[in-house]
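Visitor: I'd like to ask some things about the structure below.
The values are calculated or read from the model by the stated rules, or taken from the named source; none is laboratory data. Quick caveat, the model's predicted, so the values are computed rather than measured. So basically every Cβ, Gly included, is an ideal-geometry build from the backbone, and we count neighbours across all protein chains shown. Surface accessibility is based on the protein's heavy atoms, side chains included, excluding ligands, DNA and RNA. Shrake-Rupley method; radii C 1.70, N 1.55, O 1.52, S 1.80 Å.
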Amino acid sequence: MRPVAIFRYSATEGPGRFGEWLSEQGIPIEIIAIDDGAAVPRDPGAYAGIGMMGGPMSVYDPLPWVAPMCSFLRDAIGDGVPVIGHCLGAQLMAKALGARVARAPTAEIGWFHVDVCDRGARREWFGGLPRFAAFQWHFDTFDLPPMATRVLTNTATPEQGFIIDDRHIGLQCHVEMTRELVETWCRTGTAELPVRSTAHLQNAADILADLPARLDALRAVADSVYTRWAQGLTR
């Protein structure tokens, strides 16, 4: 089987549960470390699927890899190679398809609920859940891309997730979190955390509270999403 390409844009934002789940299924992966200077491949058909992780940059920053990444994603989606984007990855998908990506009116950091607003996606992708507590750490947002169906939303950031052709999924929220990722982000992102939690920004103490239970619940959601996404992998 061809590998799933996992694009990493920051050394602190690895594949997390996404990589774990693929390995548990015996699906080979290839990490493409953009943060370490790796080039964007030319042919998405070399991969069974395309996964993209998060990162602290914005897709509208003048970065040399953004344009080739968007071209690669357009080709992948057009050719039916399954794509999944986490946070920055979803923003790249949106930009590649011509949707606006901009600074969000309200940033979100911490554990906040999102609603599964599409009944079909609720059943097929999210294990029947009407809502769940997702992990958030973002300052940007995107408009819904053409031909996409909104599947996740909340009051702070209406565009929390979309599906295209029942095969590709972009998630503004993070479902891939592990203890290592949460603790690393709290350590390296201290300057972005408030001293006291607010309606949309949690401090480190509140982020880390009840972490095992929160991660167990999120892992069930992530595994449901990854299981459904992997049904479309090209062989």
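Visitor: Checking A121 against (1) in contact with a Cys (Cβ under 9 Å, 6 or more places away or on another chain); (2) open to solvent by less than 50 Å² (accessible area, probe 1.4 Å); (3) not in a strand (DSSP E or B): exactly one of these is not met. Which one?
Guide: (1)
Visitor: Taking interchain pairs and intrachain pairs at least six residues apart, which have beta carbon atoms under 6 angstrom, with the first residue in the range 121-137 and at pLDDT below 95 and the second open to solvent by less than 70 Å² (accessible area, probe 1.4 Å) and assigned to a strand (DSSP E or B)?
Guide: Going by the 6 Å Cβ cut-off, there are no qualifying pairs.
Visitor: Still on this structure, please answer the following. Return the residues of the range 9-27 that are within 17 Å of the chain's Cα centre (by Cα), open to solvent by less than 60 Å² (accessible area, probe 1.4 Å) and on the phi < 0 side of the Ramachandran plot; say none if nothing qualifies.
Guide: Y9, S10, T12, E13, G14, P15, R17, F18, G19, W21, L22
Visitor: Taking A222 as the residue in question, decide whether it is closer than 17 Å to P15 by Cβ and either open to solvent by less than 70 Å² (accessible area, probe 1.4 Å) or part of a helix (DSSP H, G or I) (or both).
Guide: When the stated conditions are applied, A222 passes them.
Visitor: Sticking with this one: How many residues does the range 33-60 hold that are open to solvent by less than 20 Å² (accessible area, probe 1.4 Å), among the hydrophobic types (A, V, I, L, M, F, W, C) and in a loop (DSSP other than H, G, I, E, B)?
Guide: 3
Visitor: Still on this structure, I have one more. Hey, among V116, V83, V66, which residue is in contact with a strand residue (DSSP E or B) (Cβ under 8 Å, 6 or more places away or on another chain) and without any contact (Cβ under 8 Å) to a residue 60 or more places away in the chain?
Guide: Just a single option satisfies the conditions, and that option is V116.
Visitor: Does the range 176-214 hold any residues that are within 17 Å of G19 (Cβ to Cβ) and buried (at least 18 other Cβ atoms within 10 Å of the Cβ), and which are they?
Guide: The answer is E176, M177, T178, L181, V182, W185.
Visitor: When the residues of the range 163-175 are filtered to those that are in a loop (DSSP other than H, G, I, E, B) and more than 20 Å from W111 (Cβ to Cβ), which remaining residue is most open to solvent (accessible area, probe 1.4 Å)?
Guide: If we take residues in the range 163-175 being in a loop (DSSP other than H, G, I, E, B) and more than 20 Å from W111 (Cβ to Cβ), then D165 is most open to solvent (accessible area, probe 1.4 Å).
Visitor: Then there is this: Of all residues in the range 176-198, count the ones that are among the aliphatic types (A, V, I, L, M), more than 20 Å from F7 (Cα to Cα) and not in a helix (DSSP H, G or I).
Guide: So the count comes out to 2.
Visitor: Tell me, please, whether a residue that is part of a loop (DSSP other than H, G, I, E, B), of a type outside the set (G, A, S) and either open to solvent by 10 Å² or more (accessible area, probe 1.4 Å) or on the phi > 0 side of the Ramachandran plot (or both) can be found in the range 128-136.
Guide: Yes, the range 128-136 contains a residue that is part of a loop (DSSP other than H, G, I, E, B), of a type outside the set (G, A, S) and either open to solvent by 10 Å² or more (accessible area, probe 1.4 Å) or on the phi > 0 side of the Ramachandran plot (or both).
Visitor: Looking only at residues in the range 93-117 that are open to solvent by 20 Å² or more (accessible area, probe 1.4 Å) and of a type in the set (V, I, T), which one is nearest to the chain's Cα centre (by Cα)?
Guide: Restricting to residues being open to solvent by 20 Å² or more (accessible area, probe 1.4 Å) and of a type in the set (V, I, T), the top hit is V101.
Visitor: Restricting the search to the range 185-202, which residues are of a type in the set (K, R) and either touching a Leu at 6+ places or on another chain (Cβ under 8 Å) or more than 19 Å from G14 (Cβ to Cβ) (or both)?
Guide: Passing the criteria: only R196.
Visitor: (1) of a type in the set (D, E); (2) more than 16 Å from the chain's Cα centre (by Cα); (3) outside any strand (DSSP E or B): which one isn't true of E30, the others all being true?
Guide: (3)
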